[in-house]
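Worksheet: one structure, shown below.
The values are calculated or read from the model by the stated rules, or taken from the named source; none is laboratory data. Keep in mind the model is a prediction, meaning the values are calculated, not measured. Heads up, the Cβs are rebuilt from the backbone with ideal geometry, glycines too, and the neighbour counts pull from every protein chain shown. The accessibility values were calculated without ligands, DNA or RNA, using every heavy atom of the protein model including side chains. Shrake-Rupley method; radii C 1.70, N 1.55, O 1.52, S 1.80 Å.
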Amino acid sequence: MILPFIPKGHHAMNAHLHAVGLKKAYRKGRSLEVPVLHGVDFSIEKGEMVAIVGASGSGKSTLLHLLGLLDGPDEGHIYLNGERIDQQPDKKRDHLRNTAFGFVFQSYHLMPELTALENVLMPQLIRLSPWQWFSQKKQLKRDAAEWLERVGLGHRGKHKPSELSGGEMQRTAIARALAGNPQIILADEPTGNLDAESGESVMKLLRDLNRERGMTMIVVTHDLNVARQADRIVRLNQGLVESFTPVLAA
Amino acid sequence: MYKYLLCWRYLKTRYIALASVISVMLGVATMIVVNSVMAGFAHTMRDRLHGILADVVVESYDLDGFWDWRDVQSIIQKECGDLVEATAPTMETFGLLKMYLPDGQAVTRQVMVIGIRPEDRAKTGDFSEFIQDDAGKPIKPGFEVPKNWQTNSPAGHLLKDTPKDDPLHDILKQQAGEQVPDRGAIVGYALATIHRPGSSTDDFIAPPGSRIGLAFPKSGRKPEAAYDDYTVVGYFKSGMSEYDSMHVYVPLERLQYMRMLGDGLGAGAVNQIQIQVKPGVNINEIAGRLQRVLDSRRPMYFRVATWEQKQGPLLEAVKIEQFILNVLLFLIIAVAGFGILAIFSMIVVEKTRDIGVLKALGASTSGVRGIFLSYGLALSIVGCGAGMIEGLLIVHYLNDIENVINSLTGTRVFNPDIYYFSEIPTLVEPWTVAGIVLGAIAIAVTASVWPAQRASKLHPVQALRFE
């Protein structure tokens, strides 16, 4: 049975992040259009951890990109704290990506020229003008070092990404996502490139952060073991929400 | 802030991009060297031209000149007396020079015969600095023939042993005067000498004390030539071959007399008045003022020109040469700009995923563009700075470099005999250097605009998925 995505008694306007009727298609060449999302509804409450699962090509990553304002929907609306954000001008969307969302990618995407500490500082470096940066530099560096410490890499701050293992790089990427003090963490296959042990430790870290700090998290994964650590699992199939399952019932 | 951090890191790690600005560096260095050498040549040439010519020249269109030159001098004094330092009446005409060789042959050359009063001419321009003897030592400008030259002539030797009452005495005296005329002439150095290829010294065909013959047009209704003999008493060597191979200076009164334009005692016509003005005075303004006043006295008769106007074509030619050379050299930097464009485009492709991450983390379109523009600016500053230092060092040690090349190749790169300069003249003009550096920076930054724009327009999702 296909369950409605928004459960009863779960008022959309109370949601932390809320999307209605999202449609997205990609164009290949001049005439070929590949529909990816056919009208997806999605909602997540503050402090909740939701896993989005589905087969390859089901639209998981596309949904995550739309929710994180990396791309715009063809149809549908996205609300953050009740405010519509998908139609905001580019400048405002850039600002929201910098302040409201923290991204964690499957391939870590750390800047190879920068050290781990500098990578963690990147959201702040983007946010601040040179003057603001120099006046707050010491405090910001201390905070970034603390985040590195929190993900267990306090001793690796001066190392370049090429000197870190996969697990360490992903932890650094998580620290980077957290250092910008975002409202929501969006993780796209965070354990996809890691061995079982490192993947386990990264998921534990995300789960702990969610529980300790009440941080809202959306994790895209195809690994059910990873998904089971979330509060809810949203299953996508061919661009539609197939099921919405609280983890206890899964 | 991230723009500057990334720009700095790219600068430190992307050596391929640094290689791309080597061509900018070489272009800037070449332009500085070429401009400094050309400016040095032009400056030295202007100095010499200005030294030869007075600041302002009043001349008549008629080669026979004007008799009332003292009145013209008074007008000059009246109009601009407080601005004028000195004036010199001069008679200038075309002529033929004959130099007699010891074997009986004669060499004939076309010359400009200039009648001057040495003491007056020395006050207008650097004329006195260019007068020298056969050994190259400076001598005082003058036309006096030393007495012993006549007594040392073949006839003079015989005259010494001939009693005054001897009928031959007067004949020998006349012959001594013919062999060594008592009228001196200062001859252009290039006229009086021959430079044999491979020789380090010049051979004199008109050594000091030798007799020369001059023919020049007489005044009168029919074109007729006058002929006169002179003794070479000095040489005029300005370093400008145009003058050194043409000018022959003779006493003004004698030239006036021989051209039938004077009594030989002071009264006579001149066709030029050279004017030296005080430092800092606007010579164009003086020339314009004098032209108006003299036109009102005798319309269409006088031409007043500054030394720059008289040498206009030569100075203009140097300017045009310098301009064309600069255009060609700037094209080299423009080509280097395309190199930067290509390498920057490559870097943008290489950095596509990083650009996607930056956008995901909130970097704006203008911010991403700013990374690559500031990177282009930083690279061009490095390239142009290095080029400027290299260029200035080459200019500073240019003559030492030339000596090294000379000793390695065994040939003279810069032959002082051709240019009359003992070493390659250079002049570093700060504004020119600044113009070259700023122009090169502008080209390099312009070349990075398109790749920067391309980077800024990348879609974050497509950039993140880029393999």
Odd one out for B:Phe127 among (1) open to solvent by less than 10 Å² (accessible area, probe 1.4 Å); (2) touching a helix residue (DSSP H, G or I) at 6+ places or on another chain (Cβ under 6 Å); (3) at pLDDT 90 or above: (3)
Single match in B:Leu393, B:Leu377, B:Leu408 (criterion: more than 26 Å from B:Ala342 (Cβ to Cβ), more than 25 Å from the chain's Cα centre (by Cα) and in a helix (DSSP H, G or I)): B:Leu408
When residues of the stretch B:446-458 are limited to those that are within 14 Å of chain A (Cβ to nearest Cβ) and open to solvent by less than 60 Å² (accessible area, probe 1.4 Å), the one nearest to A:Leu67 (Cα to Cα): B:Leu458
Filter result (out of contact with any Gly (no Cβ under 9 Å at 6 or more places or on another chain) and hydrophobic (A, V, I, L, M, F, W, C)) within the stretch B:3-16: B:Leu5, B:Leu6, B:Trp8, B:Leu11, B:Ile16
The stretch B:356-374, residues that are crowded, with 24+ Cβ neighbours inside 10 Å and more than 9 Å from chain A (Cβ to nearest Cβ): B:Val368, B:Ile371, B:Phe372
Check on B:Leu11, assigned to a helix (DSSP H, G or I), open to solvent by less than 50 Å² (accessible area, probe 1.4 Å), of a type in the set (A, V, I, L, M, F, W, C) and more than 14 Å from chain A (Cβ to nearest Cβ): no
Of all residues in the stretch B:97-155 being in a helix (DSSP H, G or I) and among the hydroxyl-bearing types (Ser, Thr, Tyr), the one that is farthest from B:Asp203 (Cα to Cα): B:Thr151
Residue list for the stretch A:59-100, restricted to those being out of contact with any Asp or Glu (no Cβ under 8 Å at 6 or more places or on another chain), within 11 Å of chain B (Cβ to nearest Cβ) and touching a residue at least 24 places away in the same chain (Cβ under 8 Å): A:Gly68, A:Leu70, A:Asp71, A:Arg93, A:Leu96, A:Arg97, A:Asn98, A:Thr99, A:Ala100
Which listed residue, of A:Leu117, A:Leu148, A:Leu153, is more than 10 Å from every other protein chain (Cβ to nearest Cβ), in contact with a helix residue (DSSP H, G or I) (Cβ under 8 Å, 6 or more places away or on another chain) and open to solvent by 20 Å² or more (accessible area, probe 1.4 Å): A:Leu117
